[in-house]
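K.L.:
Would you mind keeping the following structure in view while I ask a few things?
Derivation of every value follows stated rules applied to the coordinates shown; laboratory data play no part. No experiment lies behind these values; they were computed from the predicted model shown. Reconstructed Cβ throughout: ideal geometry from the backbone, glycine too, with neighbour counts over all protein chains shown.
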Amino acid sequence: MALSSFGRDPAALLTAARRLLDRQPALAPLWWMASRLVIAPEPAAQARTIIDLVQRDPTKDQLVAHIPPSSVVAISGAPETILDAIESRGDIMVLVIDVDGLGPVVARRLDRAEVAVECLDASRIGGAVSEADLVLVDAASIGPSACLVEPGVVPLAATAKVMGCDLWLVADIGRVLPEAYWRQIVARTVDADRDLEVWLQDWEVLSHGLVSGVITAQGLVSPSDIGPFDSVMAPELLAAS
């Protein structure tokens, strides 16, 4: 973990953390990790703790356990945590909505894992959701009332809501952040792209109102029960580098 190499120089560690977050502001786990390193009296030891927490995170196992047998599952793009989980579920069928050409890559990966899969053009979202028992999505970061997602997720979620199909958001370790961090992430991503046409922006905000359940380390919970939000904060990270 590169940031921990600055452990003997707190000022250098803070500067490096700020620069990392400037380059990758959307990714909640980076804020989660940087907060813990910046406030730790022994950053190197904290880095080892972080690695251990990530390796022991049971969220993927919770997702594997909660998907009903023989389900038809719809996903969008290439959600890594979700793919890691469903690769072990040879009993399910996965409908992959192609986004930015990632669909065929995902389909080949699942096919190699002997999971039944179909890659569909984004124009087929309605048909995919009508056949699905469940829609699964992940997020770059999750706040108290919404989450930051890649293009393609919002129309899939809206279609699921209209058609009455359950949609689960997967919230692995470090993904759920305090309000102050969430506001900063939105400011540095969605708000920073206001000069671009909406359809060219890299990130979109998905309301928790479109989510029927959240898979966490504790299991399947309601969006209203997604907390407790991470209480570890380093306010100094909110300033740009």
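K.L.:
Can you give me the three principal axis dimensions of the chain from its C-alpha atoms, in Å, biggest first?
P.N.:
That gives 55, 41, 33 Å along the principal axes, largest extent first.
K.L.:
What number in nm² do you get for the range 56-163 if you take the convex hull of its Cα atoms and divide its surface by four?
P.N.:
On the way: hull surface 27.5 nm².
That works out to 6.9 nm², a quarter of the Cα hull's surface.
K.L.:
Another one. DSSP loop (so not H, G, I, E, B), at most 14 other Cβ within 10 Å: list which GluC sites (Glu not before Pro) in the range 103-204 pass both filters.
P.N.:
Details: sites: GLU114, GLU118, GLU131, GLU179, GLU197, GLU204; in loops: GLU114, GLU197.
Of the GluC sites (Glu not before Pro), the ones in loops of the range 103-204 whose Cβ has at most 14 other Cβ atoms within 10 Å are GLU114, GLU197.
K.L.:
Restricting to the chain, what percent of DSSP beta bridges are antiparallel, rounded to 5?
P.N.:
Roughly 30 percent of the beta bridges in the chain run antiparallel, per DSSP.
K.L.:
Under the rule of -39500 (n - 2.57) per DSSP H run of 4 or more residues, summed and divided by the residues of the chain, what mean residue ellipticity at 222 nm is obtained, to the nearest 500 deg cm²/dmol? Each step should come with its number before you reach the end.
P.N.:
Working: 9 runs with 92 residues, N = 241.
Result for the chain, helices only: -11500 deg cm²/dmol.
K.L.:
Oh, and also: Put a dot 7 Å past each Cα toward the Cβ at ARG183 and LEU200; how far apart are the dots in nm?
P.N.:
Using points 7 Å along Cα→Cβ, the separation is 3.0 nm.
K.L.:
In nm, what is the difference between 0.36 nm times the number of residues separating GLU236 and GLN55 and their Cα-Cα distance? Before the final figure, lay out the partial values.
P.N.:
On the way: separation 181, 0.36 × 181 = 65.16 nm, distance 2.76 nm.
The span from GLU236 to GLN55 would gain 62.4 nm if fully extended.
K.L.:
Quick one: if you stick a label point 7 Å off each Cα along the C-beta vector at GLU118 and MET163, how many nm between them?
P.N.:
Placing both labels 7 Å along Cα→Cβ, they lie 1.0 nm apart.
K.L.:
With each pseudo-label sitting 7 Å past Cα toward Cβ, what's the SER224-ASP193 distance in nm, one decimal?
P.N.:
In this crude label model, SER224 to ASP193 measures out at 3.1 nm.
K.L.:
Averaged over all directions, how much area does the convex hull of the C-alpha atoms of the range 107-241 cover when projected, in nm²? All intermediate terms of the calculation are to be shown ahead of the outcome.
P.N.:
Details: hull surface 40.6 nm².
If I average the Cα hull's projected area over directions, I get 10.2 nm².
K.L.:
Roughly what angle does helix 28-39 make with the longest principal axis of the chain, taking Cα atoms, 0 to 90 degrees, to the nearest 10?
P.N.:
20
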